[in-house]
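Worksheet: the structure to be examined is printed underneath.
Where a number appears in this text, it was derived from the coordinates with a stated rule and is not lab data. The structure presented is a predicted model; accordingly, all values stated were derived computationally and were not measured. Here Cβ is always computed from backbone atoms with ideal geometry, including for glycine, and neighbour counts include all displayed protein chains.
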Amino acid sequence: MTEQSNTATADDSLPTKVSGTKDPRQAAWAEPIEHIKVREVPEGATNLNVDGRQPASPLQGFGQMWQKTFRVRLSGIDLSPAEVMAIWMGNFQKFQPPENTFYPSMAGIKPGEVLLIQAKVPPLPGLPSFLPVSTGVMVLYADDTTMTVMTPEGHPEAGWNTFSVSEEDGTLVAQCQSLCRPSDPIYEVFNRFLGASSQQDRIWTHVLVSLADHFGVQGQVTMAKVLVDPKVQWKHARNIWQNAAIRTMVYLVGSPFRWVRRMGNRKPES
Amino acid sequence: MEPTKLSMKVRNHPGANNHGSQISIIDIEGDITSTAENILMDAYTQATSAGAKEILLNFTDLEYMNSSGIGLLVTLLIRVNRQKQHLSVFGLSDHYRQIFELTRLDEAISIYSDESEAIAALGS
């Protein structure tokens, strides 16, 4: 029998939020669920393609798995990582690009909460973003310096996005890291050939530049991409039936008919 | 800030799985966060260089794992699959077993309660 050992010691901030009597580090995780439940729909949001869906990890997606890491150094800021993270989460929507609207629940960004999303995507590269997609994400994990969201089935990507702030060599660094696959064959085609991947890259770059701007820092965003798994998973090709973009279009096309039906069902006033 | 400590030891089980392949056990002690990547991958490399086709992660002495740690397990799983190896875990607390279910890692990684159950299931 062979035995070898590796030991490392590193600084790592610890979550301090306490929920009831639960271990504070365990309380950073969402409670176990099988299907996502949208408890409330903020004004302006559409509860579509999220409620009742299972969360999807990168293992349940179809396309190639990528890990993308976007970072910006926030030089000269006299705040702790937790303070910057609190400001980031408190202004989560403000830092998004205009075509991406997040609707946090009234409870805010906490483990288990759902953020509904109204996004607009371009139909083809170079065209303006006008195709609507209603979707959302669930907060999988949130502590003082890290927040991870997990996508529902049908979301353009299956997997996780992690937002974090840390201190490196005396400078704060804000980071967005995604570990995802396109959820189905349609999203994979858009990702590989029609510019969806670049659009997603622009979103996270915009978020970090906006965050840096908020602190008056001229942020230079760096991006690192790693192709974790080049293979597609044909066993998950049927995810196409839950494609949020298609379902949003079907929902919008059916809106006039639903309106007429509601009018017809109204009782006449006496 | 408090220091995070993590150690991993690689053991080669004297038996073999149903296909006569080597089983390696990686004993994890401490916290698995984003800082664990090099240690985890080094331990996996040691297990692989010993010829193991079955990789068992022992979480009995895991103290804490955050979402970055779960991400590391996904990237490890992909490496294992590409090498035509098999990844299993044992010793998860109730909390982390629930996290495996919530993140749906349990659909791709076999979970056993302890080492003897894992070894028995793998056929040694």
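Listed values, structure above:
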| quantity | calculated |
| --- | --- |
| Region B:66-124 shape via C-alpha gyration tensor axes, a/c threshold 1.5 | oblate |
| Simple label model, 7 Å out from Cα along Cβ direction - residue A:250 to residue A:80, nm | 4.9 nm |
| Set A:94/B:5; A:94/A:120; A:110/A:235; A:68/A:94; B:5/B:53 screened for pairs whose C-alpha atoms are more than 25 Å apart | A:94/B:5; A:110/A:235; B:5/B:53 |
| Cα centroid separation - region A:31-90 against region B:75-103, whole Å | 22 Å |
| When chain A is reduced to its Cα atoms, the Kirkwood hydrodynamic radius in Å | 20.1 Å |
| Volume of the Cα convex hull of chain B, divided per residue and given in Å³ | 95 Å³ |
| Ordering of A:184-195, A:42-53 by burial proxy (mean other Cβ atoms within 10 Å per residue, highest first) | A:184-195, A:42-53 |
| Cα Rg, Dmax (largest Cα-Cα span) when computed across region A:201-263, Å | 20.5, 54 |
| Peptide A:165-177 - average C-beta neighbours from other chains (10 Å radius) | 1 |
| Chain B, helix-only ellipticity at 222 nm - DSSP H runs n ≥ 4, -39,500 (n - 2.57), divided by all residues, nearest 500 | -11500 deg cm²/dmol |
| 16 Å Cα-Cα reach of residue A:231 towards aspartates and glutamates, excluding residues that sit fewer than 8 places from it in its own chain | A:157, A:184, A:188 |
| Average projected area [Cα convex hull, region A:70-209], square nanometres | 8.5 nm² |
| For residues of A:73-79, the mean tally of beta carbons on other chains within 10 Å | 0 |
| Cβ neighbours within 10 Å from other chains - mean over A:178-186 | 1 |
| 222 nm mean residue ellipticity, helices alone, for chain A (DSSP H n ≥ 4; -39,500 (n - 2.57); rounded to 500) | -7000 deg cm²/dmol |
